[in-house]
Amino acid sequence: MQSPYFCDNGGVPREAISLLTDLDDAQRRAASALEGPVRIMAVAGAGKTRTITRRIAYGCASGKWDPERCVAVTFSVKAAREMKQRLNKLGAGRVTAETFHALALSQLRSVWSEVTDSYFPQLITDASEVAEGSIERETDLVGASPRELRDILAEISWTKVGLIAPQEYGRVCAAFHRQPPAGLSADQMAAVITDFERQKSERNLIDFNDILLILCHIIEESDEVAASVRKRIGWLTVDEYQDVSPLQHRLMGAWLGKNTNVCVVGDPAQTIYSFAGATSYYLLDFEREFKGLSADVRLDTDYRSTAPIVGYANKILGASPLAGDYVPLVPAEASAETSVASPRARGVLSAPARVTTRVFGTDEQEAAGVAKAVRKLLDAGVDASEIAVLSRINSQTRAICMACDQLTIPYMVRRMMGQGMDETSFSRAVRNGVTSGEIESLNSSVVTISTIHAAKGLEWDHVFIIGASEGLIPFGSAIDDAQIEEERRLLYVAVTRGRKHVALSYARKKDEHTGFERARSRFL
């Protein structure tokens, strides 16, 4: 049956062509490559989401794709929601846009009765109680602290997404000089993992990573289930492909089978979640894995940031021994297509451009100085929602929050949670304002205080990066080359969150009583 969009002359319909008219040349090449394996390397601020949603909408509007069999997956609930909203506006509302885990869970539920008569297992979001029992039975660690428990659960998750069996854990630790958490030996940690999985099985419980692993097993073992799942996926798009884990990559392969209509989108320079199993290997190896690509496109123009910010970010990556794996940013000023490629292009070009650095005596003085600078911006009329303060670790935010409270600066604090979720809390000024009626809701304009990890994918006009010293960026526990390189990428991600102004700072000492003096980050 001919698509209702199709023109009588047999050409591509006008409705489809209009989806590509306001893209730049590289974005248009990516969006119009509809068949076979496609890789899109998209730098920070390059209009990645804009490009892939236009590509999906164009595929459907051209009549070449069936929207009912078009699937896009990404890593966070927020990103999936944004993608779905954009697709709805582009007339591609029937396309599936989900996180890996949400899509896999719905698929697992739909095929469960085909493979077993047992009840569907209960999904647990907090496995602390199960892990505590395993730790008590298998180790001499008595009364694990909340941090120790969190680290052990993270290690269990890391082994699963890395497809590392308990019996292989010790060998992996030895090969990669990995230290098990909470002072446990490799044998103890392996025993905890084994008992943890046994306890879940006996109680008919699964966690988020089990969803992916079980679905992989079922698809790989049952031809009927494989056919059922794959017939619903004719064209697959994977966003943030530099963040896939071995487990997610395995599931992607199970989804595809022999189908090669897959588009992956990512940036090796933004790989900052290796502690959770993410790796850019599959993005860089994509051409070899699929034995050639139908399109390999680089989106290298940064329409977000001013030229000084772009130049600073390029210098951070340019000093890397892996610089050849990264795509250098091109500032929008150097592009002849800024008028059409991004809604923000004209605003970026007219913005005051600067990157500043500052050194303070102590952490308290740094927090006070940054808060004072934020207050000055607010008093000058800058919207609070266009300001962010970013840090390497959660504990750094306490001093900033106290300093902002003293200056009655309204703020929200973002922290990373599991499975693409984030935790948000609000300042005393915001809470009191809502209570008094002065502020209508918690959704009012506020400054963002966030870790860099939780800030990925976001952007602000004014970004303050605190703690840019050795021991924090790079973090003190980063000792080998791979860990140091990830810290470099982390600073790159932080810098590229800024549109107009990025201010980096650090304190020489933790406090007045500390003798040890910090050095500025080697990446500056």
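Is there a residue being assigned to a loop (DSSP other than H, G, I, E, B) and over 16 Å from TYR241 (Cα atoms) anywhere in the stretch 264-275? Scanning the stretch 264-275 turns up no residue that is assigned to a loop (DSSP other than H, G, I, E, B) and over 16 Å from TYR241 (Cα atoms).
For the stretch 472-507, the set of residues classified as open to solvent by 30 Å² or more (accessible area, probe 1.4 Å), out of contact with any Ser or Thr (no Cβ under 9 Å at 6 or more places or on another chain) and either polar (S, T, N, Q) or in contact (Cβ under 8 Å) with a residue 40 or more places away in the chain (or both) consists of PHE475, SER477, ASP480, ASP481, listed by residue number. Of all residues in the stretch 37-47, which are open to solvent by 10 Å² or more (accessible area, probe 1.4 Å) and either among the small types (Gly, Ala, Ser) or touching a Phe, Trp or Tyr at 6+ places or on another chain (Cβ under 7 Å) (or both)? Scanning the stretch 37-47 gives PRO37, ARG39, GLY45, GLY47.
Look at the stretch 301-329: where a residue is open to solvent by less than 10 Å² (accessible area, probe 1.4 Å) and a partner is part of a loop (DSSP other than H, G, I, E, B) and polar (S, T, N, Q), sitting 6+ places away or on another chain with Cβ atoms under 6 Å, you get TYR303/SER342; ALA313/THR496. Number of residues in the stretch 337-355 that are open to solvent by 50 Å² or more (accessible area, probe 1.4 Å), over 12 Å from ARG499 (Cβ atoms) and either modelled with pLDDT of 95 or more or in a helix (DSSP H, G or I) (or both): the value is 3. Which residue out of SER427, SER444 is over 16 Å from the mean Cα position of the chain (by Cα), closer than 23 Å to ASP363 by Cα and modelled with pLDDT under 90? Testing whether each residue is over 16 Å from the mean Cα position of the chain (by Cα), closer than 23 Å to ASP363 by Cα and modelled with pLDDT under 90 leaves just SER427. May I ask you to list the residues in the stretch 55-98 that are touching a residue at least 40 places away in the same chain (Cβ under 8 Å) and in a loop (DSSP other than H, G, I, E, B)? Listed by number, the residues that qualify are SER62, GLY63, TRP65, ASP66, PHE75, SER76, LEU90, GLY91. Within the stretch 215-239, restricting attention to residues that are in a helix (DSSP H, G or I) and crowded, with 17+ Cβ neighbours inside 10 Å, which residue is farthest from the chain's Cα centre (by Cα)? Checking each candidate, the answer is VAL225. Filtering ARG50, ARG109, ARG69, ARG28 for residues that are farther than 30 Å from PRO328 by Cβ, open to solvent by 10 Å² or more (accessible area, probe 1.4 Å) and out of contact with any strand residue (DSSP E or B) (no Cβ under 9 Å at 6 or more places or on another chain) leaves a single hit, ARG109.
Identify the residue in the stretch 116-146 that is in contact (Cβ under 8 Å) with a residue 40 or more places away in the chain and of a type in the set (Ser, Thr, Tyr) and, among all such residues, is least open to solvent (accessible area, probe 1.4 Å). In this case the residue turns out to be SER134.
Looking only at residues in the stretch 285-300 that are within 15 Å of ALA42 (Cα to Cα) and in contact with a helix residue (DSSP H, G or I) (Cβ under 6 Å, 6 or more places away or on another chain), the one that is surrounded by the fewest Cβ atoms within 10 Å (Cβ to Cβ) is VAL297.
The values are calculated or read from the model by the stated rules, or taken from the named source; none is laboratory data. In this text the structure is predicted, and so the values were computed from the model without any measurement. As a convention, Cβ positions derive from the backbone with ideal geometry for all residues, glycine included, and neighbour counts pool all protein chains shown. With ligands, DNA and RNA removed, areas are computed over all heavy atoms of the protein, side chains included. Shrake-Rupley method; radii C 1.70, N 1.55, O 1.52, S 1.80 Å.
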